[in-house]
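Peer 1: To start, I am sharing the structure in question, which I have written as structure tokens.
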Amino acid sequence: MGGGGQQTDRITGTNGRFGTYTWEEVQKHTKFGDQWIVVERKVYNVSQWVKRHPGGLRIIGHYAGEDATEAFTAFHPDLQLVRKYMKPLLIGELEASEPSQDCQKNAALVEDFRALREHLEAEGCFKTQPLFFMLHLGHILLLEVIALMLVWCFGTGWINTAIVAVLMATAQSQAGWLQHDFGHLSVCKTSRWNHLVHKFVIGHLKGASAGWWNHRHFQHHAKPNVFKKDPDVNMLNAFVVGKVQPVEYGVKKIKHLPYNHQHKYFFFIGPPLLIPVYFQFQIFHNMIVHGLWVDLAWCISYYVRYFLCYTQFYGVFWAVILFNFVRFMESHWFVWVTQMSHMPMHIDYEKHQDWLSMQLVATCNIEQSPFNDWFSGHLNFQIEHHLFPTMPRHNYWRAAPHVRALCDKYGVKYQEKTLYGAFADIIRYDGPLWLGSIWATLDFSNCLKYCLIGLFFLEIW
């Protein structure tokens, strides 16, 4: 592991010896092909290892020249196992006079957050309840069976097809939350079983790629809302986001699209097209280019199953139409849930913050309720999820009060919104200005608010 060309680096290093380094020396190694990271004060040369890293090569590169201890702890449920793989990469440690944290991070906050994680581990917050995930998988399969049985029993009329499409879109969205759990290694006791079931859920139940998801999503968690590091804020020049990028584009006179009208065209090329067009193309392109043939086989099994089930009733053409309509509805669901906790938050270039501060400035929570938990796959606890990505989602509510208390102690803003308020913030942020101003003045009961949300979605569909 990590042998070969790295042996010379281990012996010599930049200061001609295998031993101790300053932060200044570590921070010189940040470019692809020459990357060092620091974990628990130990210095590792990961220049070659990044190509074989299970979480993707870019995520480690995002921490090149930095202290990656908090990210290392957050992403790996079995730290002892990972440390064994890291031993051949070790080239030394920080000098005794060097602080454990780089970039003048608050050492007291970092230490208190580490103590909080240990407390939550002792409280059993990282232990999985298998029945929870079995029931969740069961209700996804039940929705799929009911949809097929409705077509079998009542035919392909417009009303029945609409009901079938809603059931299928619901199943797809809920399967998306379930694959997210396995992808974060938060369900099974071993990473191997998490990876295996993840391929089944995202591949056979959703027709997507586990490798593509890992590469993309872990970057988002490592550096949320950070330009050039978080792919979720890489808008391919279709939109400008945050407060920094619009100014940058204005100064540089970048005009790929009429960005002064993005609040209008967002609703036409954002939620409707993300999954059925952009993700669909990106998934297959990624699998073919990177040779993810196991992922491709799982993905093909989804399409074989779908078309065997539905072409016998709808024919090929209308089965394809139904497939894309389901993706269209799922895409709206996905965009609104994932962006309500991120898009209205701070978006900027790298600021080298500690783990807690970085995650809190980029995420917010949505208030807890049985509906919100189910609708969002417990991503209404986005703060706790980002701080502890390997924690089973049914335990987020237990961690939330402890996280809030720590934030209060250090003056870190902990934001929690209503579902209505979170949707309203997206509309204010990206939506038509007149709709945002009207929405902001609404003051109805929760029931009426949710009805308005539902009507808004129906209008888009």
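The values are calculated or read from the model by the stated rules, or taken from the named source; none is laboratory data. All values derive from a computational prediction rather than experimental measurement. Ideal geometry is used to build each Cβ from the backbone, glycine not excepted, and the neighbour counts take in all protein chains shown. To get the accessible areas, we keep the full protein, side chains included, count just its heavy atoms, and leave off ligands, DNA and RNA. Shrake-Rupley method; radii C 1.70, N 1.55, O 1.52, S 1.80 Å.
Peer 1: Ignoring ligands, DNA and RNA, what percent of the accessible area of segment 19-104 is carbon or sulfur (1.4 Å)? Can you show the working numbers first?
Peer 2: Values: 2150 of 4080 Å².
Carbon and sulfur: 53 percent of the exposed surface of segment 19-104.
Peer 1: OK, next. For Asp181, Asp232, write out the residues from largest to smallest accessible area, computed with a 1.4 angstrom probe and no ligands counted. Walk me through the numbers on the way to the answer.
Peer 2: Working: Asp181 5, Asp232 45 Å².
These residues rank, largest area first, as Asp232, Asp181.
Peer 1: Same structure, new question: Ordered by residue, what ³J(HN,Hα) values in Hz, to whole numbers, does segment 298-304 give under the Karplus form 6.51 cos²θ - 1.76 cosθ + 1.60, where θ = phi - 60° and Gly and Pro are x?
Peer 2: Calculated HN-Hα couplings, in order: 4, 4, 4, 4, 5, 5, 4 Hz.
Peer 1: Accessible area per residue for segment 19-104 in Å², computed with a 1.4 Å probe and the full protein assembly in place, what is it? Before the final figure, lay out the partial values.
Peer 2: Values: 4080 Å² over 86 residues.
Value for segment 19-104: 47 Å² per residue.
Peer 1: Quick one: if you stick a label point 7 Å off each Cα along the C-beta vector at Ser369 and Val247, how many nm between them?
Peer 2: That separation, rounded to one decimal, is 3.8 nm.
Peer 1: Roughly speaking, what % of Cα-Cα pairs in the chain are separated by over 42 Å, rounded to a whole number? Don't skip to the answer; put the middle values down first.
Peer 2: Values: 19320 of 106030 pairs.
Cα-Cα pairs of the chain separated by over 42 Å account for 18 percent.
Peer 1: Compute the orientation-averaged projected area for segment 19-104 from the convex hull of its Cα atoms and round it to one decimal in nm².
Peer 2: On the way: hull surface 21.2 nm².
Directional mean of the projected Cα hull area for segment 19-104 stands at 5.3 nm².
Peer 1: Residues of segment 130-350: accessible area per residue at 1.4 Å, in Å²? Mind showing how you got there, number by number?
Peer 2: Numbers: 10370 Å² over 221 residues.
Computed with neighbouring chains in place, this is 47 Å² per residue.
Peer 1: So what is the relative contact order of segment 19-104, in percent, for Cα pairs below 8 Å that sit 6 or more residues apart? The partial results should precede the final answer.
Peer 2: On the way: 120 pairs, mean separation 34.4, N = 86.
Worked out over segment 19-104, it gives 40 percent.
Peer 1: Name the residues whose placed amide hydrogens come within less than 5 Å of the amide hydrogen of Gln35, ignoring near sequence neighbours (fewer than 5 apart) on the same chain.
Peer 2: Residues meeting the amide H criterion: Val46, Ser47.
Peer 1: How much of Val145 can a 1.4 Å solvent probe reach, expressed as accessible area in Å² and rounded to 10?
Peer 2: In the full protein context, Val145 sits at about 80 Å².
Peer 1: What list of ³J(HN,Hα) values in whole Hz, one per residue of segment 267-282 in order, does the Karplus curve 6.51 cos²θ - 1.76 cosθ + 1.60 (θ = phi - 60°) give from phi, with Gly and Pro shown as x?
Peer 2: Result, rounded to whole Hz: 6, 9, 10, x, x, x, 10, 4, 7, x, 10, 5, 5, 4, 5, 5.
Peer 1: So, one more: With each pseudo-label sitting 7 Å past Cα toward Cβ, what's the Leu308-Asp78 distance in nm, one decimal?
Peer 2: With each label point 7 Å from Cα toward Cβ, the separation is 3.3 nm.
Peer 1: Same structure again: Compare the Cα positions of Gln27, Leu273, His378 along the charge dipole of the chain (+1 at Cβ of Lys, Arg; -1 at Cβ of Asp, Glu; about the Cα centre) and return the one farthest towards the positive end.
Peer 2: Leu273
Peer 1: Rounded if a/c is under 1.5, else prolate if a/b is larger than b/c, else oblate: which is segment 331-402, with a ≥ b ≥ c the root eigenvalues of its Cα gyration tensor?
Peer 2: Working: a/c = 2.30, a/b = 1.26, b/c = 1.83.
Oblate.
Peer 1: When the Karplus curve 6.51 cos²θ - 1.76 cosθ + 1.60 is applied with θ = phi - 60°, which whole-Hz ³J(HN,Hα) does each residue of segment 333-342 get, with x for Gly and Pro?
Peer 2: Those phi angles translate into 4, 5, 5, 5, 5, 6, 8, 5, 9, 10 Hz.
Peer 1: Here's a follow-up. Based on the Cβ-Cβ distance from Ile146 to Tyr265, what FRET efficiency comes out when R0 is 30 Å, to the nearest 0.05? Write out the running numbers ahead of the final one.
Peer 2: Values: r = 36 Å, r/R0 = 1.21.
Working from the Cβ atoms, E equals 0.25.
Peer 1: Leaving out ligands, DNA and RNA, and with a 1.4 Å probe, what % of the accessible surface on segment 293-408 is carbon or sulfur?
Peer 2: Numbers: 2950 of 4170 Å².
Carbon-and-sulfur percentage of accessible area, whole number: 71.
Peer 1: Only four residue types carry charge here, +1 at the Cβ of Lys and Arg and -1 at the Cβ of Asp and Glu. Report the dipole size of segment 286-359 about the Cα centre in Debye, rounded to the nearest 20. Don't jump to the answer; show the numbers that get you there.
Peer 2: Details: 3 positive and 5 negative charges, 70 e Å.
Here segment 286-359 has a charge dipole of around 340 debye.
Peer 1: Let me ask something additional. Against the globular-protein guess of 2.2 N^0.38 Å, express the Cα radius of gyration of segment 228-344 as a ratio, rounded to two decimals. If you can, show how the numbers build up before the last one.
Peer 2: Details: Rg = 17.8 Å, N = 117, 2.2 N^0.38 = 13.4 Å.
Working it through for segment 228-344, the quotient is 1.33.
Peer 1: Could you tell me the calculated FRET efficiency between Arg398 and Asn106, based on Cβ-Cβ distance and R0 = 25 angstrom, to the nearest 0.05? Walk me through the numbers on the way to the answer.
Peer 2: Values: r = 25 Å, r/R0 = 1.02.
Computed FRET efficiency for Arg398 and Asn106 comes out at 0.50.
Peer 1: Now a separate question. P(r) tail for segment 134-236, what percent of Cα pairs lie past 22 Å? Show your work: numbers first, answer last.
Peer 2: Details: 2336 of 5253 pairs.
When every Cα pair of segment 134-236 is considered, 44 percent fall beyond 22 Å.
Peer 1: Here is a follow-up. Using 18 Å as the Cα-Cα cut-off, could you pick out the over-long pairs in Lys243/Lys351; Lys87/Lys199; Lys28/Lys84? Could the numbers behind the result be given before it?
Peer 2: On the way: Lys243/Lys351 15 Å; Lys87/Lys199 29 Å; Lys28/Lys84 26 Å.
Beyond 18 Å between Cα atoms: Lys87/Lys199; Lys28/Lys84.
Peer 1: Roughly what would the spin-label model give for Tyr278 and Ala238, points 7 Å off Cα along C-beta, in nm?
Peer 2: 0.4 nm
Peer 1: Using protein chains only and a probe of 1.4 angstrom, how many square angstrom of Leu79 are accessible, to the nearest 10?
Peer 2: The accessible area of Leu79 comes to roughly 40 Å².
Peer 1: At 0.36 nm per residue, minus the direct Cα-Cα distance, what do Ile288 and Thr190 gain on full extension? Give it in nm, one decimal, please. Working shown, then result.
Peer 2: On the way: separation 98, 0.36 × 98 = 35.28 nm, distance 2.82 nm.
Extra length from Ile288 to Thr190 when fully extended: 32.5 nm.
Peer 1: Next question. Quickly estimate the mean residue ellipticity at 222 nm for the chain, helices only: each DSSP H run with n ≥ 4 gives -39500 (n - 2.57), and the total goes over all residues, rounded to 500. Please report the intermediate quantities before stating the final value.
Peer 2: Working: 21 runs with 265 residues, N = 461.
The helix-only estimate for the chain comes to -18000 deg cm²/dmol at 222 nm.
Peer 1: Report D for segment 59-132 in µm² per second (integer): Stokes-Einstein, Kirkwood Rh on Cα pairs, 20 °C, 1.002 mPa s.
Peer 2: D = 145 µm²/s.
Peer 1: Given a cut-off of under 8 Å on Cα pairs at least six residues apart, what relative contact order in percent is computed for the chain?
Peer 2: Working: 584 pairs, mean separation 74.2, N = 461.
Averaging sequence separation for qualifying contacts and normalising by length gives 16 percent for the chain.
Peer 1: Same structure again: What share of all Cα pairs of segment 130-350, in percent, falls into each consecutive 10 Å distance bin?
Peer 2: Reading upward from the zero bin: 7, 29, 34, 21, 8, 1, 0.
Peer 1: Right, something else. Using modelled backbone amide H atoms (1.01 Å from N, in-plane), which distant-in-sequence or interchain residues come within less than 5 Å of Thr20's amide H?
Peer 2: Counting only residues 5 or more places away or on other chains, the set is Glu93.
Peer 1: Straight-line reach from Lys252: which aspartates and glutamates fall under 13 Å, measuring Cα to Cα and dropping same-chain residues less than 8 apart?
Peer 2: none
Peer 1: Show His256, His119 ordered by accessible area, largest first, where the area counts protein heavy atoms only and the probe is 1.4 Å. Provide the component values of the computation, followed by the final result.
Peer 2: Values: His256 115, His119 75 Å².
Listed by decreasing accessible area, they come as His256, His119.
Peer 1: What size of dipole, in debye to the nearest 20, comes out for segment 130-350 about its Cα centre when the only charges are +1 on Lys and Arg C-beta atoms and -1 on Asp and Glu C-beta atoms?
Peer 2: Values: 15 positive and 9 negative charges, 79 e Å.
Approximately 380 debye in magnitude.
Peer 1: Okay, next question. Just the accessible area for Met235, please: 1.4 Å probe, Å², rounded to the nearest 10?
Peer 2: Here the residue's solvent-accessible area equals roughly 40 Å².
Peer 1: Okay, moving on. Given an 8 Å cut-off on Cα distances and at least 6 residues of separation, report the relative contact order of segment 130-350 as a percent. Please report the intermediate quantities before stating the final value.
Peer 2: Details: 220 pairs, mean separation 60.0, N = 221.
That works out to 27 percent.
Peer 1: Filter the chymotrypsin sites (Phe, Trp or Tyr not before Pro) in segment 247-351 down to the DSSP loop ones having no more than 15 other Cβ atoms within 10 Å, then list what survives.
Peer 2: On the way: sites: Tyr249, Tyr259, Tyr265, Phe266, Phe267, Phe268, Tyr278, Phe279, Phe281, Phe284, Trp293, Trp298, Tyr302, Tyr303, Tyr306, Phe307, Tyr310, Phe313, Tyr314, Phe317, Trp318, Phe323, Phe325, Phe328, Trp333, Phe334, Trp336, Tyr349; in loops: Tyr349.
Sites meeting the loop and neighbour criteria: Tyr349.
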